[in-house]
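The values are calculated or read from the model by the stated rules, or taken from the named source; none is laboratory data. Since the structure is predicted, the reported quantities are computational estimates derived from the model, not experimental observations. As a convention, Cβ positions derive from the backbone with ideal geometry for all residues, glycine included, and neighbour counts pool all protein chains shown. To get the accessible areas, we keep the full protein, side chains included, count just its heavy atoms, and leave off ligands, DNA and RNA. Shrake-Rupley method; radii C 1.70, N 1.55, O 1.52, S 1.80 Å.
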Amino acid sequence: MTSEPEQQWGVGTQDAFQRLWTPHRMAYIQGENKPSGPGADDGCPFCSLPAKSDEDGLILRRGELVYAVLNLYPYTGGHLMTVPYRHVADYTDLTVAETAELAELTKQAMTALRTASGAHGFNIGMNQGTVAGAGIAAHLHQHIVPRWGGDTNFMPVVGHTKVLPQLLADTRKMLSEAWPASTGPSGGAPSGGD
């Protein structure tokens, strides 16, 4: 990689802007890893992730009914999700035990993010249905997005680009090491493979 700007002919008038190329985002834009239908056997990534190792699946914690995983297309560094193993689309379809474990893993995720990265706050939520913005509407997942004072800048607004300072594998290792110990039967089993 060179720090010297390269002249690219035929790209318009030269300006003072630097370019941050993010070709990996094209996979998300084009729908890579999106299910072909609503069923669990229609290529649902949330159904197939638990069969992978923690490192390969970017899994942080495995509970009995729910697991925590890094978002492959994060809004900020440390953006993770809590996901029931069961292929279910709507929050109201969760069992009482699934709801409790989803809440417990969310609390643990917040603790780990505060410990590992000093997060000042969080955006936590679910997009229920495609019309509400769910990228994978057929399998419920809750987002836990860490936030810091001054963490927004012009890049997402003007450049439609998110700048992430750490590779996902490094983020997974850091958060896995900071994850709090289980607090009870629904607190989640330790993740393996570290």
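Some notes on this structure:
- Across the stretch 33-47, a minimum of one residue is classified as surrounded by 13 or more Cβ atoms within 10 Å (Cβ to Cβ), within 25 Å of Gly125 (Cα to Cα), modelled with pLDDT of 60 or more and of a type in the set (Phe, Trp, Tyr).
Residues are listed down the side, and each one gets a yes or a no for (1) of a type outside the set (S, T, N, Q); (2) within 17 Å of the chain's Cα centre (by Cα); (3) under 18 Å from Asp170 (Cβ atoms):
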| residue | (1), (2), (3) |
| --- | --- |
| Leu80 | yes, yes, yes |
| Pro84 | yes, yes, no |
| Ala109 | yes, yes, yes |
| His120 | yes, no, no |
| Ile124 | yes, yes, no |
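- Qualifying residue in the stretch 70-81 (condition: at pLDDT 85 or above, part of a loop (DSSP other than H, G, I, E, B), in contact with a strand residue (DSSP E or B) (Cβ under 9 Å, 6 or more places away or on another chain) and open to solvent by 40 Å² or more (accessible area, probe 1.4 Å)): no
- Selection status of Gly135, part of a loop (DSSP other than H, G, I, E, B) and either over 13 Å from the mean Cα position of the chain (by Cα) or hydrophobic (A, V, I, L, M, F, W, C) (or both): no
- Single residue of the stretch 94-108 satisfying the filter (in contact (Cβ under 8 Å) with a residue 24 or more places away in the chain and not hydrophobic (A, V, I, L, M, F, W, C)) that is most open to solvent (accessible area, probe 1.4 Å): Thr95
- As a summary of the residue check, Tyr85 satisfies the conditions (1) open to solvent by 10 Å² or more (accessible area, probe 1.4 Å); (2) at pLDDT below 95 except for the one numbered (2).
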